[in-house]
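The values are calculated or read from the model by the stated rules, or taken from the named source; none is laboratory data. Note that this is a predicted model, so its numbers are computed, not measured. Virtual Cβ from ideal backbone geometry, glycine too; neighbours counted across all protein chains shown.
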Amino acid sequence: MKTIKWGILAPGNIAHKFATALVTIEGAVLHSVASRDTARAQAFQQLYGATKCAQDYAELIADPEIDAIYVASPHRYHAEQTMNCLRAGKAVLCEKPMTVNLSEAEQVFAAANEHHAFYMEAVWTRFMPIYKQISSWVSEGKIGTVSSVQASFGINVPFDAAHRLYAPELAGGALLDLGIYPITVAQMVVDQAPDKVVAVAELGQSGVDESTGMALHYPNGVVATLNCGTRANSSLDCWIFGDRGSIHIPQFWQAESATLYQPEESHHSSARENATECHLPHAVNGYEYEIREVNRCLRAGLVESPLMSWQHSRDVMHIMDTVRAQIGLKFPFE
Ligand SMILES: NC(=O)c1ccc[n+]([C@@H]2O[C@H](COP(=O)([O-])OP(=O)(O)OC[C@H]3O[C@@H](n4cnc5c(N)ncnc54)[C@H](OP(=O)(O)O)[C@@H]3O)[C@@H](O)[C@H]2O)c1
């Protein structure tokens, strides 16, 4: 089995979680790390036992030993940094959202095609084992015909103009950071692009969205009602409703469990009858599944993962572009 040598670009908050998972995976090594601040890269190298530490991003990207680079910077920089890696022939796993808008996303796909390099957006939720169970329940008709999906991801983060969530120059706001998860879970259930998207939002003092509601209608008749926000904690769960039952997914973006409800008489019974609970805890912290998928794809010579296809990313970016146009959210650098 070929050992996949990884590099990490921009070792911040999420990169620590990623590295914690990476170092447990057989057939993969953390080869190098690069930061704008060399001391931060050196501390990260020591903490996770990386083979080396690059002087800067350019040195990491040019390192001939590296197979794959994990891009973990704020959204605004994803497109440029990803394309720099792809042009050097590196495989890229880039944090979500893959770019700020669909136009940038298309440039990333074009670069991956041109340089025959693997590219995947790091939407960790898509690889969590519990979603295989949920998908089986839906496809086996356990809840009958699906008519709606509801998902809510709101967290209470005190306003801080310097925080990337509230900074327009870093493409902040609830939608791109949190809203991408309820959209993703709806897309996973329905597996087609919506034919109608309607959105409303409250834009805060820095001009980015702080509370956003979305309704998506799909060609197969499913309606998804989704919301996200940064000023209040919300239910943090997802429900999938069908004419014979429902599925509840607590903390759906990092899900380890789900409950199937199959009431005897769906017309009259409470939605919460006849529960079957499934619990599939993460082996490490949940990031291991997306890393394993990249390793698998690279060994198989793929440029795209069938589990997180470019079309999946494209559909989600298109929805977020549509929502932003409706709520009037444009970033200063766009
Ligand atoms: N999958 C998930 O569960 C998950 C969770 C959280 C975040 N994310 C995503 O991961 C990305 C990073 O989030 P984070 O919370 O890890 O961010 P963060 O800790 O604030 O920043 C990560 C790194 O980005 C660089 N950076 C930070 N601010 C910058 C600026 N103003 N200009 C240029 N570079 C800057 C820094 O790299 P240097 O060390 O090189 O300076 C920093 O170490 C976001 O796109 C976010 O959506 C994903």
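Residues checked against (1) out of contact with any strand residue (DSSP E or B) (no Cβ under 8 Å at 6 or more places or on another chain); (2) at pLDDT below 95; (3) on the phi > 0 side of the Ramachandran plot:
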residue	(1), (2), (3)
K5	no, no, no
H16	yes, no, no
G27	no, no, yes
H31	no, no, no
A39	yes, no, no
L47	yes, no, no
T51	no, no, no
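Filter segment 296-321 down to the residues that are in a loop (DSSP other than H, G, I, E, B) and hydroxyl-bearing (S, T, Y) and list them by number. Of everything in segment 296-321, those that are in a loop (DSSP other than H, G, I, E, B) and hydroxyl-bearing (S, T, Y) turn out to be S305, S309. Scanning segment 138-152 for residues that are loosely packed, with under 15 Cβ neighbours inside 10 Å and in a strand (DSSP E or B) yields one hit, S147.
Counting only helices (runs of 4 or more DSSP H) that fall entirely inside segment 1-112 and contain at least 3 residues that are in contact (Cβ under 8 Å) with a residue 60 or more places away in the chain and within 10 Å of the ligand (Cβ to nearest atom), the qualifying elements are 13-22. When residues in segment 156-172 are screened for being within 11 Å of the ligand (Cβ to nearest atom) and either under 19 Å from the mean Cα position of the chain (by Cα) or in a strand (DSSP E or B) (or both), 5 of them pass.
Within segment 190-202, the set of residues being in a strand (DSSP E or B) and either at pLDDT below 95 or surrounded by fewer than 16 Cβ atoms within 10 Å (Cβ to Cβ) (or both) comprises K196, V198, V200, E202. Condition (residue is of a type in the set (V, I, T), over 21 Å from E140 (Cβ atoms), assigned to a loop (DSSP other than H, G, I, E, B) and away from the ligand (no atom under 16 Å from the Cβ)) applied to segment 279-295: is it met by at least one residue? No.
A count restricted to segment 153-185 and to residues that are crowded, with 22+ Cβ neighbours inside 10 Å and out of contact with any helix residue (DSSP H, G or I) (no Cβ under 9 Å at 6 or more places or on another chain) stands at 2. Residues that are under 14 Å from the mean Cα position of the chain (by Cα) and either buried (at least 18 other Cβ atoms within 10 Å of the Cβ) or touching a residue at least 60 places away in the same chain (Cβ under 8 Å) (or both) within segment 306-318 comprise L307, M308, W310, H312, S313, R314, D315, V316, M317, listed in sequence order.
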